[in-house]
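Student: I'd like to ask some things about the structure below.
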Amino acid sequence: MNTNIVTKYGHLAVLGVALVAFAPGCAEAPTGLGKTHTSKPGDQGSDPNDVENQPGNGVGSQSDTFDHFQTLGDGEAGPDPFAIAQQREEEGPPEIRTRLHSCQKMQITTLKNMLTSFGVDLTATASNGQPPTAGQLINGGGTALGGANYAARVGEQIVWTAAGAAKQFDIFVQAAPEIIANIKTAPACQVNGTGPDMFNADNTCNKDAISCLIGKPATDEHIAICNNLVTSASDIDKCKEIAVATLLSAAHSCE
Amino acid sequence: MGRKLTLLALPLGMMIAACANGAPTGLSGGDDGNDGPSTGAGNGSPNGSAGAGAGQPAPPEHTALDDRTLDYGEALRTASLKLVRDLPTLDQIQKLAAAKDQKAAYSAALDALFADPRFNARMVKFWRDTMRIGGDPDMDAAPVLAAKIMSEGRPYTDLFTATSGTCPTFDPDTNTFADGDCQNGVPAAAGVLTNPGVMTQFYSNMAFRRVRWVQETFVCTKFPAEVVATPKQVDGKDYTSPWDFASIGNDPINFQDTSAVVCANCHTSINHIAPLFGNFDANGQYQSSIQVMTPTAPDPVTTQMSHWLRAGEKTSWRSGVEVADLPGLGKAMAADPDVAECAVAGMWNFTMSKEDIVNDLATVPDEVLGTYKTKFAASGMDLKATLKQMFLSDDFTKF
């Protein structure tokens with residue numbers, strides 16, 4: 001799933017895909033779909049004695065010219081010109097599309113910072129038999145989340161993969177109970193020393209708490225969606241957690 | 001029709017950018033004013049892409065740009081995530097929302113973000129990803145140098161011309177930099193061009209990966225870097241480089257081969273740069289002799305100057321731009337408008353969440369970039385100031 005064609009107001013569509021496709025597995029860590037890079041500087045193509053294993057993607061045939069790397073990164077997929085053509089076609093003319101925000105995935109450090117600021121302990125570990133904590137999902141999910149592999153000369157990815165988007169939703173689901181419990185005392189969510197509860201006494205969603213979660217002023221629509229989620233299932237505590245995770249995922253599918 | 005042309009043009013552009021045959025996309029800018037061969041045109045806009053043609057003014061038409069609305073709240077959220085890697089606090093959100101002059105309040109909030117020490121850490125990360133290197137102090141030195149130059153508002157060209165302090169360190173706990181010099185025995189330092197971590201990370205046969213790193217990272221194009229308007233015919237194929245075809249080596253590797261592709265279209269440029277990096281060993285240490293290998297079969301041999309260039313050829317950044325050493329290369333790069341444009345385009349793509357210019361063809365047309373190129377030059381190549389202008393722009397604050 002290449003979400004770069006989605007402008008920022010298209011992020012709900014991304015959320016929809018993630019929810020429909022991956023919500024059933026939200027309590028488990030999805031298997032990483034990304035390729036694991038294990039090479040180090042000087043590995044592939046760097047060893048002049050390893051003539052047989054010089055990288056592929058070359059120009060011409062091996063009998064009359066030398067192979068060339070398609071990109072600077074080991075194991076990094078080269079661009080598919082037809083996929084790029086399709087993407088650019090959908091995005092529109094360059095003088096238009098380059099002036100529109102694209103949808104960049106949340107950087108891993110950003111995700112960590114954000115959750116920590118809401119009171120989530122990313123060092124916590126799950127008890128035996130329990131699903132991994134948010135911290136465990138992040139710390140063990142670098143590949144799926146598009147983390148950098150500098151040893152292979154590959155930086156952190158800019159756009160989501162399906163695995164990464166799904167994993168972020170899982171992380172939000174697992175973080176939700178702590179956020180609900182701690183948001184009132186989280187410094188990032190306090191004004192003049194006082195923070196909001198995530199939910200009001202009547203189980204409706206608190207506007208200030210939502211604003212803090214999404215990083216901008218919450219609208220009536222945000223509150224209505226949150227309230228609808230809370231009241232639409234039989235287990236209110238579970239519904240509150242789903243509501244928080246959904247708000248986070250919708251707001252932060254794009255950086 | 002237009003869609004078909006676009007679909008056709010992009011794969012062609014991709015193949016060209018991947019160093020097959022032919023010209024790269026035209027670099028805009030157009031401020032070099034000479035009639036010589038085009039130099040590596042990378043981020044440039046497809047010429048005429050927005051034009052109306054035949055001298056007729058384009059009729060105003062409704063585009064997605066017209067559907068955007070100003071949203072300083074969303075802008076602050078996005079700016080905060082991008083610049084300090086965290087959300088704005090509830091207090092910041094509410095103060096901006098309550099401000100009578102939203103633009104002024106947003107601008108003040110932006111000032112605070114750019115002054116925040118966490119901005120330093122974000123820029124270190126940005127340059128790690130851009131340079132494809134990092135993770136320990138040795139490998140971090142080049143991205144840290146770039147981030148430090150940005151943070152201090154120094155000219156971007158210091159990245160290639162700095163003669164001291166070229167291996168600074170970064171403390172992630174305090175988000176502060178500390179000066180440091182590289183200890184790899186170079187006769188004279190030249191910013192990241194003599195960085196030991198870079199030389200280690202991009203070590204390869206004949207130093208070609210180091211050259212390619214320089215080209216793709218700081219010019220934002222793949223090879224070929226130099227293309228003439230009118231190709232010559234060599235063995236019935238287009239030879240597009242401005243260099244003398246026979247200026248590069250043909251033994252033990254025949255860079256003058258034309259049986260599959262015209263190697264010289266790229267290698268005339270590459271081979272005039274590569275010898276400058278040849279004396280760094282696999283650990284990034286500068287030695288008195290060439291340290292890279294030529295991949296001959298069955299056994300590789302130490303590269304000799306004649307493997308790259310014919311006798312008498314001078315190392316050069318581009319045709320007509322001779323450079324004797326890496327400090328000379330740094331000065332030539334600093335004077336190259338393509339290098340400046342690449343830096344500004346990279347900042348724009350960071351701002352607007354775009355992909356990689358080289359690998360994803362996320363180029364930025366001059367209609368968009370021109371203003372910022374001018375501001376970048378006027379600011380003394382202060383990349384941080386230019387980035388701030390982008391975050392203040394209508395394009396960033398409209399969603």
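Student: Roughly how large, in nm² to one decimal, is the mean projection of the convex hull of the alpha-carbon atoms in the stretch B:70-115?
Tutor: Reported value for the Cα convex hull: 2.8 nm².
Student: Considering only DSSP states other than H, G, I, E and B, which trypsin sites (Lys or Arg not before Pro) in the stretch B:72-176 qualify as loop sites with at most 16 other Cβ atoms within 10 Å?
Tutor: Qualifying residues, ordered by number: B:100.
Student: So for the pair residue B:136, residue B:238, with labels modelled 7 Å out along Cα→Cβ, what separation do we get in nm?
Tutor: Distance between label points: 4.6 nm.
Student: A further question follows. Quickly estimate the mean residue ellipticity at 222 nm for chain B, helices only: each DSSP H run with n ≥ 4 gives -39500 (n - 2.57), and the total goes over all residues, rounded to 500.
Tutor: -12500 deg cm²/dmol
Student: I need to check one value: relative contact order of chain B, counting alpha carbon pairs closer than 8 Å and at least 6 residues apart, in percent.
Tutor: Averaging sequence separation for qualifying contacts and normalising by length gives 21 percent for chain B.
Student: Now a separate question. Could you sort B:223-236, B:324-337 so that the peptide with the highest average Cβ count within 10 Å comes first and the rest follow in order?
Tutor: Per-residue Cβ counts within 10 Å, averaged per peptide and sorted highest first, yield B:324-337, B:223-236.
Student: What average count of beta carbons from other chains do you get within 10 Å of the Cβ of residues in B:357-365?
Tutor: Average per residue, whole number: 6.
Student: Consider a paramagnetic label point 7 Å from the Cα of residue B:289 along Cα→Cβ; state which residues of the stretch B:185-228 have an amide N under 18 Å from it.
Tutor: B:206-207
Student: Moving to a separate point now. With label points built 7 Å along Cα→Cβ from the Cα atoms of residue B:99 and residue B:188, find their separation and express it in nm.
Tutor: Once both label points are built, they end up 4.7 nm from each other.
Student: If you count, for every residue in A:140-150, the Cβ atoms of partner chains within 10 Å of its Cβ, what is the mean?
Tutor: The shielding value for this peptide is 2.
Student: Just the Kirkwood number for chain B, please: inverse of mean 1/r across all distinct Cα pairs, in Å, one decimal.
Tutor: Over chain B, the inverse of the mean reciprocal pair distance is 22.7 Å.
Student: What is the distance, in nm, between label points placed 7 Å from the Cα along the Cα-to-Cβ direction at residue A:203 and at residue A:191?
Tutor: Output for this residue pair reads 2.8 nm.
Student: Let me ask another. Between residue A:219 and residue B:178, what's the calculated FRET efficiency when r is the beta-carbon distance and R0 is 41 Å? Round to 0.05.
Tutor: 0.35
Student: Based on the Cβ-Cβ distance from residue B:301 to residue B:115, what FRET efficiency comes out when R0 is 60 Å, to the nearest 0.05?
Tutor: According to the calculation, E is roughly 0.65.
Student: How large is Rg/Rh for the stretch A:122-211, to two decimals, with Cα atoms and a Kirkwood Rh?
Tutor: Value, to two decimals: 1.08.
Student: How would the stretch B:213-305 be classified by its alpha-carbon gyration tensor: rounded, prolate or oblate, with rounded meaning a/c under 1.5 and the a/b versus b/c comparison settling the rest?
Tutor: In terms of gyration-tensor shape, oblate.
Student: While we're looking at this one, here's another question. What list do you get for B:342, A:212 if you sort them by fewest beta carbons within 10 Å?
Tutor: Lowest to highest Cβ neighbour count: B:342, A:212.
Student: What is the sum of charges around residue B:306, taking Lys and Arg as +1, Asp and Glu as -1, for the other residues whose C-beta is under 15 Å from the C-beta of residue B:306?
Tutor: So the environment of residue B:306 carries a net charge of 0.
Quick note: the coordinates plus some simple rules give every number you see, no bench work behind them. Given the structure is predicted, the values throughout are model-derived calculations rather than measurements. Backbone-built Cβ (ideal geometry, glycine too); neighbour counts: all protein chains shown.
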